[in-house]
Amino acid sequence: MKISQESHNTHISQKFNQELEDIRSQLLEMGGLVEQQIQDAIQSLTEGDTQLAKEVRKKDREVNQLQLDIDEQCTQILARRQPAASDLRLVLAVIRATADLERIGDESSKIAKATLKLSEEGTSPRGYIEAKHLGNHVRKMVQDALNAFARFDTGQALAVLREDKNVDLEYQSATRALVTFMMEDPRAISQVMNIMWVLRSLERVGDHASNLAEYVIYLVEGQDVRYTKTEVIEAALTHPKP
């Protein structure tokens with residue numbers, strides 16, 4: 001059975017309704033915090049703002065605590081309510097999504113750490129424009145995935161999945177350019193390598209955003225589409241089986 005914004009909130013027990021709404025709201029709160037982390041991490045890198053980088057790393061503890069709190073609430077719902085069908089999918093989707101959001105927070109913290117290293121070693125002669133562009137790209141993916149989760153919107157989730165291929169191409173192009181630069185000018189290898197690690201973290205953020213989109217499809221359609229090609233998912237959503 002499909003789930004929608006209207007249909008997921010129809011239990012006889014209003015307390016159960018509220019518990020399900022609470023975990024969904026807290027997930028979106030955690031998502032907003034992580035999205036801000038990405039934005040601040042990229043800003044700290046491109047502007048050389050070490051204070052902002054330190055704040056990004058501190059915020060990681062808050063993200064971790066939110067994951068623990070949401071997991072505990074989900075565990076309590078599973079134990080007390082023994083949910084089934086779409087309710088069970090919602091709880092499982094929230095548990096899976098918080099894990100990916102926590103990992104996005106970790107990648108943002110790694111970017112902030114790179115900012116601090118570059119402030120000590122000297123700025124990189126190349127890569128900041130690529131990092132900013134890729135960072136904006138994956139932050140938008142995370143934002144769109146969270147909006148899809150909030151609206152039970154499989155169409156927007158599918159758009160996020162399609163975008164992951166573009167992120168991969170952008171990442172590969174940027175890393176090739178930086179490798180070529182290092183071969184031509186080995187003096188800046190250490191600094192450029194820090195930027196390459198940033199690009200790697202951003203590519204992983206895109207992967208986690210794709211995971212969030214897959215959970216939306218699982219939640220709404222009841223289909224576990226992990227490890228499934230985007231073209232196959234698109235065909236299943238466009239031409240569902242009778």
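Every number in this text was worked out from the coordinates using simple rules, so none of it is lab data. For clarity, every value in this text was computed on a predicted model and none was experimentally measured. Here the Cβ positions follow ideal geometry from the backbone for every residue, glycine too, while neighbour counts run over all protein chains shown.
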> Per the Kirkwood formula on distinct C-alpha pairs, the Rh of segment 123-240 is how many angstrom?
Replying inline: 15.3
>> Charges on Cβ only, +1 for Lys and Arg, -1 for Asp and Glu, centred on the Cα centroid of segment 16-146; of Ile129, Leu88, Gly48, which one is farthest towards the dipole's positive end?
In response: Ile129
> Which links in Lys15/Lys110; Lys113/Lys165; Lys113/Lys229; Lys15/Lys140; Lys110/Lys229 stretch past 31 Å when you go from one Cα to the other?
Replying inline: Lys15/Lys110; Lys113/Lys229; Lys15/Lys140
>> If N is the number of residues in segment 20-179, what value comes out of its Cα radius of gyration divided by 2.2 N^0.38 Å?
In response: 1.16
> With +1 on each Lys and Arg Cβ and -1 on each Asp and Glu Cβ, how big is the dipole of the chain about its Cα centre, in debye rounded to the nearest 20?
Replying inline: 240
> Mind ordering 203-214, 156-167 by average Cβ neighbours within 10 Å, highest first?
Replying inline: 203-214, 156-167
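Packing-wise, with mean Cβ within 10 Å as the measure, how do 67-79, 215-227 rank, highest first?
215-227, 67-79
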>> Place a point 7 Å from the Cα of Arg176 along the Cα-to-Cβ direction; which residues of segment 189-224 have their backbone N under 17 Å from it?
In response: 200
